[in-house]
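Participant: One structure is given below, represented as structure tokens, and several questions about it will come after.
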Amino acid sequence: MADCYTELEKAVVVLVENFYKYVSKHSLVKNKISKSSFRKMLQRELNHMLTDTGNRKAADKLIQNLDANHDGRICFDEYWTMIGGITSPMANLIRQQECQQESQQECQQESQQESQQESQQGSS
């Protein structure tokens, strides 16, 4: 069945599987990543996209910021928030690179149109 997945579906499966790879099987708290496992995940899985993944204080600060319910562990929803926080700037970076390849004028026109649409939606 996995062979028939689209690229996007495969990406989602990888993200979900990655979360559960770091969930402690022996923890009393099920389906959550401990601080130490989260640090390992940052170092092993996100060291190219996130700076200071080896820095314990930086990892602890990220955990603190993600840990919405303040239990010291990362649940799937909190993990997904982190993924969104990474992908949004990445999408902007990819778009900027595409714009550099295209003519700047076309990109500026698109940006202006998008801004106008957003402001029209915001005023509705």
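Participant: Which one, Asn31, Val14, Leu62, is farthest towards the positive end of the dipole of the stretch 7-115 when Lys and Arg carry +1 and Asp and Glu -1 on their Cβ?
Facilitator: Towards the positive end, the residue furthest out is Asn31.
Participant: Taking amide H positions as placed in the peptide plane 1.01 Å from N, state which residues far from Lys32 in sequence (5 or more) or on other chains have amide H under 5 Å from it.
Facilitator: Amide H to amide H, under 5 Å and 5 or more residues apart or across chains, Lys32 pairs with Ser24.
Participant: Could you give P(r) for the stretch 7-115, binned at 5 Å from zero, as whole percent values over all Cα-Cα pairs?
Facilitator: Histogramming the stretch 7-115 at 5 Å steps yields 2, 11, 17, 20, 15, 10, 8, 8, 5, 2, 1, 0 percent.
None of the figures in this text is laboratory data; all of them are computed from the coordinates on show. Computed from a prediction, not measured in an experiment: that's the story for all the values here. FYI the Cβ positions are ideal-geometry reconstructions off the backbone, even for glycines, and counts take in every protein chain you see.
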